[in-house]
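Enquirer: The following block contains the structure, expressed as structure tokens.
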Amino acid sequence: MEDYFGGLNKMYVLHHLTGATAFVFLLFHPLFLAGHYILFSLRQAALFLLPSGHWPINFGIAALAIMIILLILTFYTNLHYPVWKTSHRFLGLAFFFGGLHAFFIGSDIASNLPLKIYMVILTILGLVTFIYRSVFHKILVKKFNYQLEQVIPLGEKVVEITLKPQGKTIQFEAGQFIFVEFLQKGFTESHPFSISSSSTDQTNLKLTIKALGDYTSKLAILKIGTKVKIEGPFGRFSYKNCHNKNQIWIAGGIGITPFLSMAPTINDQYKIDLYCCFKTSAENFLLNKLQKIATQNNQLRIISWPSNKKGRLKAEVIAEMSQGLNNKDIFICGPPAMLKSLKKQFIKLKIPKKLIHSEEFTLL
């Protein structure tokens, strides 16, 4: 489905917004019904919101209660990723109870045939999708078998991981990402990582990863030979997916990884300015690799930007150094605060939103 939304990360953002909107409507639904009883009896209105002997209503109460608990955990707590991911699967149970409530409550669904057919199709589609993705994903979801070939420390808290195929190789485009599951004790879930190896080499995969949390902090202890399951590739973050050949790329910290994959594939039709933003010069250990690529390709210009010396990179500075922003696509990958700030600055400079592309996994 990501082809219709411009990438999986954009689907996640839309999923988050539509889910939150639907939840608000669901909260108002019982409150409006209870409000009807308030006109006659406050006690009757309160009892309406509590479980009773009327099972269709109880199904609705159960569905809403499960949603409230799980969304509070999502929005207002800082659960470890595997715990949150497991809890999120219980939304399927809320969906199931909600379906029972809708079909047995005796509402318009029961009396309106087109509405009933629509709701039946929607409910079946939702349940089948949930079962496919959350219950039988290990059997039904296509994954590629790889093996950990090498782990190389590159700098402070950063490692480069090389994965060797054990059978069929994954076919990817530069700039895409994959979900990786290491089959070693202590690594219990899959995580998304951008591919940093060039798409011209479809054999071994390279992932350049910075320790930013509990999971990524353990990557340095991975054992050579560990089996790996890969799902993907995903994402539409590619310089090929736009009209303008004249482009600006902006990398913040470890956000440089998709550009590492894209840089070797640039041909003579393109002209790219790549801004590499780091907090200190000590963090620009990947810069040498990019500069080596740039010396072999005049269409790629590398601009190093250590923020401790030059301050934060601004859109006005980019416009000046790149001789304007008109008719240029802009690609940004980096920390959420950096993405949000630069997007606002570019929009303020009258750059159309459709020309600003980003790779992000924050939901807001």
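Yes/no matrix, rows are residues, columns are (1) among the hydrophobic types (A, V, I, L, M, F, W, C); (2) in contact (Cβ under 8 Å) with a residue 60 or more places away in the chain; (3) in a strand (DSSP E or B):
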| position | (1), (2), (3) |
| --- | --- |
| I152 | yes, no, yes |
| I161 | yes, yes, yes |
| T169 | no, no, no |
| E181 | no, no, yes |
| Q184 | no, no, no |
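Enquirer: Name, by its number, the condition in (1) more than 23 Å from K157 (Cβ to Cβ); (2) touching a residue at least 12 places away in the same chain (Cβ under 8 Å); (3) loosely packed, with under 15 Cβ neighbours inside 10 Å; (4) touching a strand residue (DSSP E or B) at 6+ places or on another chain (Cβ under 9 Å) that does not hold for I347.
Expert: Condition not satisfied by I347: (2).
Enquirer: Oh, and also: Within region 24-54, how many residues turn out to be loosely packed, with under 14 Cβ neighbours inside 10 Å and either part of a helix (DSSP H, G or I) or polar (S, T, N, Q) (or both)?
Expert: Total satisfying the criteria: 17.
Enquirer: Can you name the residue in region 210-219 that is touching a Lys or Arg at 6+ places or on another chain (Cβ under 9 Å) and of a type in the set (A, V, I, L, M) and is also surrounded by the most Cβ atoms within 10 Å (Cβ to Cβ) among such residues? Give the derivation first.
Expert: Going residue by residue through region 210-219, those that are touching a Lys or Arg at 6+ places or on another chain (Cβ under 9 Å) are 210-212, 216-217.
Still in the running and of a type in the set (A, V, I, L, M): 211-212.
Details: A211: 16, L212: 12.
Ranking the candidates gives A211 first.
Enquirer: Quick check on region 56-81: of everything there that is in a helix (DSSP H, G or I) and loosely packed, with under 14 Cβ neighbours inside 10 Å, which residue is farthest from the chain's Cα centre (by Cα)? Give the derivation first.
Expert: Pass one, region 56-81, residues in a helix (DSSP H, G or I): 56-76, 81.
Then drop every residue that is not loosely packed, with under 14 Cβ neighbours inside 10 Å, which leaves 65, 69, 72, 75-76, 81.
Numbers: A65: 27, I69: 23, I72: 20, F75: 16, Y76: 19, Y81: 13 Å.
So the residue we want is A65.
Enquirer: Which fully enclosed helices (runs of 4 or more DSSP H) of region 192-299 have 1 or more residues being modelled with pLDDT under 85 and either in contact with an Asp or Glu (Cβ under 6 Å, 6 or more places away or on another chain) or among the β-branched types (V, I, T) (or both)?
Expert: Values: elements: 214-217, 257-262, 287-295.
It comes to 214-217.
Enquirer: Something else: Would you check which residues across region 234-290 are in contact with a strand residue (DSSP E or B) (Cβ under 9 Å, 6 or more places away or on another chain), surrounded by fewer than 17 Cβ atoms within 10 Å (Cβ to Cβ) and within 18 Å of Q176 (Cα to Cα) and list them?
Expert: Hits for region 234-290 are N241, C242.
Enquirer: Give the residues of region 32-67 that are under 14 Å from L93 (Cα atoms), in contact (Cβ under 8 Å) with a residue 12 or more places away in the chain and either in contact with a strand residue (DSSP E or B) (Cβ under 8 Å, 6 or more places away or on another chain) or hydrophobic (A, V, I, L, M, F, W, C) (or both), sorted by residue number.
Expert: F59, I61, A62, A63, L64, I66, M67
Enquirer: For N308, all conditions in the list (1) more than 27 Å from the chain's Cα centre (by Cα); (2) surrounded by 14 or more Cβ atoms within 10 Å (Cβ to Cβ) hold save one; what is the number of the exception?
Expert: (2)
Enquirer: For L100, state whether it is loosely packed, with under 15 Cβ neighbours inside 10 Å, farther than 30 Å from T208 by Cβ and out of contact with any strand residue (DSSP E or B) (no Cβ under 9 Å at 6 or more places or on another chain).
Expert: Values: loosely packed, with under 15 Cβ neighbours inside 10 Å: no; farther than 30 Å from T208 by Cβ: yes; out of contact with any strand residue (DSSP E or B) (no Cβ under 9 Å at 6 or more places or on another chain): yes.
Answer is no for this residue.
Enquirer: Okay, moving on. Here is a check on your reading of the model: is Y76 modelled with pLDDT under 90 and in contact with a helix residue (DSSP H, G or I) (Cβ under 6 Å, 6 or more places away or on another chain)?
Expert: On the way: modelled with pLDDT under 90: yes; in contact with a helix residue (DSSP H, G or I) (Cβ under 6 Å, 6 or more places away or on another chain): no.
For Y76, the condition - modelled with pLDDT under 90 and in contact with a helix residue (DSSP H, G or I) (Cβ under 6 Å, 6 or more places away or on another chain) - is not met.
Enquirer: Applying the selection to region 85-108, what residues are touching a residue at least 40 places away in the same chain (Cβ under 8 Å) and over 12 Å from I57 (Cα atoms)?
Expert: K85, R89, G92
The values are calculated or read from the model by the stated rules, or taken from the named source; none is laboratory data. Nothing here was measured: the structure is a model prediction, and the numbers come from that model. Cβ sites come from the backbone with ideal geometry, for glycine too, and all protein chains shown count toward neighbours.
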